[in-house]
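As structure tokens, the structure follows; a few thoughts come after it.
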Amino acid sequence: MNVAGPRWDPIAKAGRPVLPPNLDDYEKVYDRFRWDEARAAMDGLPGGRGLNIAHEAVDRHAEGPLAGRVALRCLDRHDRVTELTYARLRDETCRFANVLRALGVRKADRVFTLLGRVPELYVTALGTLKNTSVLSPLFPAFGPEPIRDRLRLGDGVVLVTSLDLYTRKIAQIRDELPGLRHVLIVGGSGAPPGTVSYREVMDGAAADFEIPPTGPEDMALLHFTSGTTGRPKGAVHVHEAVVAHHATAAYALDLKRGDVFWCTADPGWVTGTSYGIIAPLTHGATLLVDAAEFDVRRWYRILEEQRVSVWYTAPTALRMLMRYGTGPARGRDLSALRFVASVGEPLNPEAVVWGVEAFGLPVHDNWWQTETGAIMIGNYASMDIRPGSMGRPMPGVEAALLERGPDGRARVSAGRRVTVARGPEAEGELALRPGWPSMFRGYLHDDARYARAFAGGWYLTGDIARRDADGYYWFVARADDVIKSAGHLIGPFEVESALMEHEAVAEAGVIGRPDPVAGEVVKAFVTLRPGYEPDEETRRELIAFGRRRLASLAPKEIAFDRHLPHTRSGKVMRRLLKARELGLPEGDVSTLEQSP
Ligand code: ATP
Ligand code: MG
């Protein structure tokens with residue numbers, strides 16, 4: 001694919017100079033870094049009994065100077081605040097570990113959560129890890145079927161949920177889950193037959209628990225992928241992953257002791273666990289949690305009132321904020337905010353610049369997957385941002401681009417060999433050299449799929465990227481989303497980003513529609529900003545704008561859509577736009593967000 005360098009330069013457009021890249025620093029950090037040293041720098045269980053995520057996150061801070069510091073500050077929908085200090089979080093998580101032990105829940109048994117972002121979710125998560133059981137957090141907005149499928153696939157032994165969620169979603173599927181031995185009910189009064197009250201068992205449990213020996217390879221987390229491209233897969237992670245959570249949070253999120261850190265992702269997605277539970281605590285930060293969903297005013301208010309210093313969010317949220325312009329940010333005191341980062345989807349260059357206008361800070365994009373467990377590529381703190389680029393590989397991460405075959409994925413020979421694309425403007429399937437600690441150790445019950453994800457000593461990510469002469473990576477497309485039109489290969493993201501530069505466009509999703517002449521034609525689905533009409537005039541204007549900006553890559557067709565389909569983790573579901581366009585079955589839509 002011939003994707004030239006960035007054809008736009010929004011920072012320059014906004015009248016700000018693009019600073020010369022500070023690559024010296026990056027090279028130094030990258031060259032010096034060793035995973036075994038990062039591992040050795042972790043605390044470890046007393047008596048050399050191994051490495052346990054919950055110990056690194058909580059117990060090691062629970063005595064000493066951080067004991068009285070707030071570890072967890074939870075806001076409920078009505079702004080009521082619950083705070084747990086590190087000492088208190090240690091006690092509560094010990095209690096939960098004792099509850100599991102008393103129930104006969106053992107090492108490697110799966111504990112699922114289906115909860116809103118309430119303090120009990122965090123206590124359950126970390127208490128489960130203390131007991132060396134495996135945590136699998138589910139997103140609470142799932143319907144009964146996706147919940148049942150995941151509990152089955154993951155061999156769920158325990159489920160911690162609320163009375164409301166139990167009544168609406170679990171009671172009807174309980175008979176179909178013979179392996180689910182215990183259901184704990186958080187909140188409310190009383191527990192329905194066949195369930196146990198969380199509060200009652202917690203009240204009866206001791207606040208002391210000795211974490212059993214934990215091997216670095218002991219299974220810790222089971223995370224399901226977002227289902228953007230198909231049926232969600234269950235990725236297995238181990239306790240050693242904490243080394244990567246900790247290190248990458250320092251580099252890619254600039255996280256430090258004493259920060260107030262807000263990660264807007266729900267723990268039902270890997271971001272909401274790696275960085276929405278574990279990493280901020282390993283750093284001794286205060287983890288801020290908001291139970292409510294996105295709301296423009298609320299979010300600015302939280303950033304201001306909670307004195308958030310590091311904020312980790314997603315492109316879809318930033319695009320929603322952008323819809324309202326910088327007005328709602330004006331008059332807000334965001335002086336505590338030091339670092340803003342984004343993940344989950346390509347971050348449109350427009351959003352990087354907008355960050356400067358709204359928060360006085362650019363947004364640092366970073367890239368990773370459920371499978372990688374931690375940030376792999378990022379625009380990190382010591383490095384200047386290139387708007388539209390995902391950044392450079394994290395220290396300890398070796399990335400490459402593999403030459404592609406006709407199916408758009410890396411070309412793999414019969415002997416499973418691959419060819420690394422070289423040169424200053426390389427392009428290909430993004431691959432990573434296995435060996436970083438948070439690397440997934442399998443797709444649960446799908447060994448064949450896991451095996452297929454590796455070739456020639458690389459893990460193949462399924463994403464297509466480009467690397468510029470300075471080693472910055474630029475996301476092009478998911479291999480499944482690449483559009484082939486009249487001899488061009490087109491990444492939807494580039495087209496979407498260009499459209500977003502038009503003031504009428506709030507969000508765009510781009511697909512290839514089959515066409516007898518061109519193979520595929522580029523079709524864009526566009527959500528307009530308030531004040532713009534979805535009429536013929538706007539359509540013509542956007543088509544012309546696209547042509548000026550993108551020439552032969554421009555969309556030939558534009559449709560208006562009030563809400564683009566998103567996964568619940570906030571990604572545009574292009575496969576669904578395409579299936580609907582073609583009148584094909586929608587496939588697995590368990591992670592589809594219901595539009596408001
Ligand atoms: P599924 O694998 O089930 O189709 P998914 O790939 O969306 O779903 P996740 O693991 O949540 O599941 O998302 C990882 C993917 O998200 C990456 O492979 C990439 O396509 C996309 N992604 C994440 N961060 C970025 C980013 N900064 N820029 C571009 N794409 C990103
Ligand atoms: Mg994926």
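The values are calculated or read from the model by the stated rules, or taken from the named source; none is laboratory data. What you see is a predicted model, and the numbers here were worked out from it, not measured in a lab. We place every Cβ from the backbone using ideal geometry, glycine too, and count neighbours over all the protein chains shown. Heavy atoms of the whole protein, side chains included, go into the accessibility calculation; ligands, DNA and RNA do not. Shrake-Rupley method; radii C 1.70, N 1.55, O 1.52, S 1.80 Å.
Quick notes on this structure:
- Estimated 222 nm signal from helices in the chain, with DSSP H stretches of n ≥ 4 weighted -39500 (n - 2.57), rounded to 500: -7500 deg cm²/dmol
- Taken over region 483-564, the convex hull of the Cα atoms encloses 80 Å³ per residue.
- When peptides 456-462, 188-194 are ranked by their average number of other Cβ atoms within 10 Å per residue, the highest-first order is 456-462, 188-194.
- Stretched out straight at 0.36 nm per residue, the stretch from ARG307 to GLU63 would grow longer than its current Cα-Cα span by 85.3 nm.
- Charge dipole (debye, nearest 20) of region 464-550; +1 at Cβ of Lys and Arg, -1 at Cβ of Asp and Glu: 300
- Two-site FRET efficiency, HIS488 against THR167, from Cβ-Cβ distance with R₀ of 51 Å, rounded to 0.05: 0.45
- In this structure ASP36 has an accessible area near 100 Å², from a 1.4 Å probe over the protein heavy atoms.
- Candidate lysines for bridging to LYS169, where Cα separation is under 17 Å - those fewer than 8 sequence places away on the same chain excluded: none
- Backbone N atoms of region 526-549 closer than 20 Å to the 7 Å Cα→Cβ label point of TYR324 belong to residues 527-532.
- For the set ARG168, ARG110, solvent exposure ranked by accessible area (probe 1.4 Å, protein chains only) runs largest to smallest as ARG168, ARG110.
- In the context of the full set of protein chains, residues of the chain present 38 Å² of accessible surface per residue (probe radius 1.4 Å, heavy atoms only).
- FRET efficiency estimate (nearest 0.05) - Cβ-Cβ, PHE33 to GLU293, R0 45 angstrom: 0.75
- Summing Cβ point charges (Lys, Arg +1; Asp, Glu -1) relative to the Cα centre of region 166-324 gives a dipole of roughly 700 debye.
- A dipole drawn for the chain from +1 and -1 charges on Cβ atoms has a positive end, and of LEU253, VAL420, GLY583 the residue lying farthest that way is GLY583.
- Rounded accessible area of LYS556 (nearest 10 Å², 1.4 Å probe): 120
- Gap separating the Cα centres of region 540-596 and region 37-109, nearest whole Å: 42
- Rounded Å value of the spacing that divides the Cα centres of region 197-264 and region 409-465: 25
- Normalised convex hull volume, the chain, alpha-carbon set, Å³ per residue: 156
- Top positive-direction residue, dipole computed over the chain with Cβ charges, set VAL353, SER552, TRP367: SER552
- Relative contact order of the chain, taken over Cα pairs closer than 8 Å and 6 or more residues apart, is 12 percent.
- Qualifying trypsin sites (Lys or Arg not before Pro) for region 282-368 [loop in DSSP, other Cβ within 10 Å: at most 11]: ARG330
- Between LEU361 and ARG152, the contour length at 0.36 nm per residue exceeds the Cα-Cα span by 70.8 nm.
- Of the peptides 231-243, 119-131, the ranking by mean beta-carbon count within 10 Å, highest at the top, reads 119-131, 231-243.
- The trypsin sites (Lys or Arg not before Pro) of region 389-430 that DSSP puts in a loop, and whose beta carbon has at most 14 other beta carbons within 10 Å, are ARG416, ARG417, ARG422.
- Proximal lysines relative to LYS130, as straight alpha-carbon distance under 18 Å, when same-chain residues fewer than 8 apart are discounted: LYS107
- Here the simple spin-label model places points 7 Å from the Cα toward Cβ, and for GLU501 and ASP470 these points are separated by 1.9 nm.
- Net charge dipole size for the chain [Lys, Arg +1 and Asp, Glu -1 on Cβ; Debye, nearest 20]: 440
- Within straight-line cross-link reach of LYS578, lysines at Cα separation under 29 Å, skipping those fewer than 8 residues along the same chain: LYS233, LYS484, LYS523, LYS556
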